[in-house]
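Participant: A single structure is presented below for examination.
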Ligand code: SAM
């Protein structure tokens, strides 16, 4: 089903999961999904991935190259897992900006970080990744984890990431991708289209949002397509690391 077209755009239509929708409608539908899942988001992440998402985020952190005093932007930050880890790396003289298009998700993130005492070196901004309210050449690292597949104009978001990165800065895109082993891919498909919606129904009373999750993963560009998209907007030394047999991939690149 994944046609691996860079932006999955069809003139004035795009895909929301497997559904074709008007381009202007997608952001509203995505907002509906995350409004609906915000309260149970962290619990569902742990249950659905058996906690493995924590390892994927740790590995991402290790590739940021962040050091004390640096400034990072976490896009589509949601409940702020990655931002929290980055805040500990940049320390009290650094800054991590958590940014998301969805108020409810970012509110959850802020409450969680406040509870954990992550205060002082974090900031919050409601923003669409396609149009960032930050100056050029501003951040040492820009991250987006499990966010890019929800964005309508992915190349536009990548261009914005490039713009706000400092020369020498790093971009990191952690996202679901294409499993590398065909047998494993079949098992993963069965899990995604039966177990995920069922868990969504049982734990969050919301099968639909978790069906969207499975569909949006299948529609997202695969490893090589995303690498090309990142190179097209200007990133250098673009590379990716498959994790859990390609269930997710971490794409990295630099702005020179
Ligand atoms: N980064 C967090 C993580 O890894 O757990 C949250 C990921 S959550 C699956 C996806 C997030 O992307 C949601 O919080 C959603 O509101 C956000 N999002 C969707 N479209 C966006 C856009 N165009 N710009 C910024 N954030 C967006």
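The values are calculated or read from the model by the stated rules, or taken from the named source; none is laboratory data. For clarity, every value in this text was computed on a predicted model and none was experimentally measured. We place every Cβ from the backbone using ideal geometry, glycine too, and count neighbours over all the protein chains shown.
Participant: Hey, could you check segment 82-94 for residues that are crowded, with 24+ Cβ neighbours inside 10 Å and under 22 Å from residue 52 (Cβ atoms) and say which is nearest to the chain's Cα centre (by Cα)?
Facilitator: Among those that are crowded, with 24+ Cβ neighbours inside 10 Å and under 22 Å from residue 52 (Cβ atoms), it is 82.
Participant: Return the residues of segment 35-48 that are surrounded by fewer than 16 Cβ atoms within 10 Å (Cβ to Cβ) and near the ligand (Cβ under 10 Å from one of its atoms); say none if nothing qualifies.
Facilitator: 35
Participant: Of all residues in segment 147-159, count the ones that are more than 15 Å from residue 233 (Cβ to Cβ) and touching a helix residue (DSSP H, G or I) at 6+ places or on another chain (Cβ under 8 Å). Reasoning before the result, please.
Facilitator: Of the residues in segment 147-159, the ones more than 15 Å from residue 233 (Cβ to Cβ) are 147, 149-150, 152.
Checking the rest, the ones that are also touching a helix residue (DSSP H, G or I) at 6+ places or on another chain (Cβ under 8 Å) come to 149-150, 152.
Number satisfying all stated conditions: 3.
Participant: Please work out which one of (1) surrounded by fewer than 19 Cβ atoms within 10 Å (Cβ to Cβ); (2) in contact with a helix residue (DSSP H, G or I) (Cβ under 7 Å, 6 or more places away or on another chain); (3) not in a helix (DSSP H, G or I) is the condition residue 237 fails and give its number.
Facilitator: Residue 237 satisfies every listed condition except (2).
Participant: So for segment 116-126 (the condition being within 18 Å of the chain's Cα centre (by Cα) and within 12 Å of the ligand (Cβ to nearest atom)), does at least one residue qualify?
Facilitator: Scanning segment 116-126 turns up at least one residue that is within 18 Å of the chain's Cα centre (by Cα) and within 12 Å of the ligand (Cβ to nearest atom).
Participant: Six or more apart or on different chains, Cβ atoms under 6 Å: show the pairs whose first residue is in segment 34-59 and without any contact (Cβ under 8 Å) to a residue 40 or more places away in the chain and over 16 Å from residue 245 (Cβ atoms) and whose second is in a helix (DSSP H, G or I) and within 12 Å of the ligand (Cβ to nearest atom).
Facilitator: The qualifying pairs are 45/53.
Participant: For residue 74, indicate whether it is closer than 20 Å to residue 176 by Cα, modelled with pLDDT under 95 and either surrounded by 20 or more Cβ atoms within 10 Å (Cβ to Cβ) or under 16 Å from the mean Cα position of the chain (by Cα) (or both).
Facilitator: Spelling it out, it is not the case that residue 74 is closer than 20 Å to residue 176 by Cα, modelled with pLDDT under 95 and either surrounded by 20 or more Cβ atoms within 10 Å (Cβ to Cβ) or under 16 Å from the mean Cα position of the chain (by Cα) (or both).
Participant: From the set of residues in segment 91-105 that are closer than 13 Å to residue 81 by Cβ and in contact with a strand residue (DSSP E or B) (Cβ under 9 Å, 6 or more places away or on another chain), which is farthest from the ligand (Cβ to nearest atom)?
Facilitator: Checking each candidate, the answer is 96.
Participant: Can you tell me which of (1) surrounded by fewer than 19 Cβ atoms within 10 Å (Cβ to Cβ); (2) in a helix (DSSP H, G or I) is the one residue 30 doesn't meet?
Facilitator: Unmet for residue 30, out of (1) surrounded by fewer than 19 Cβ atoms within 10 Å (Cβ to Cβ); (2) in a helix (DSSP H, G or I): (1).
For (1) modelled with pLDDT of 95 or more; (2) within 30 Å of residue 214 (Cα to Cα); (3) touching a strand residue (DSSP E or B) at 6+ places or on another chain (Cβ under 6 Å), each residue gets a yes or a no:
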| site | (1), (2), (3) |
| --- | --- |
| 117 | yes, no, no |
| 120 | yes, no, no |
| 127 | yes, yes, yes |
| 139 | yes, no, yes |
| 148 | yes, yes, yes |
| 153 | yes, yes, no |
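Participant: Could you give every pair whose Cβ atoms fall below 6 Å, whose first residue belongs to segment 174-193 and is without any contact (Cβ under 8 Å) to a residue 24 or more places away in the chain, and whose second residue is in a helix (DSSP H, G or I), counting only separations of at least 6 or pairs across chains?
Facilitator: From segment 174-193, the pairs are 193/214.
Participant: Which residues, taken from segment 131-151, are in a loop (DSSP other than H, G, I, E, B) and more than 13 Å from the chain's Cα centre (by Cα)?
Facilitator: Matches in segment 131-151: 131, 132, 133, 134, 135, 136, 137, 138.
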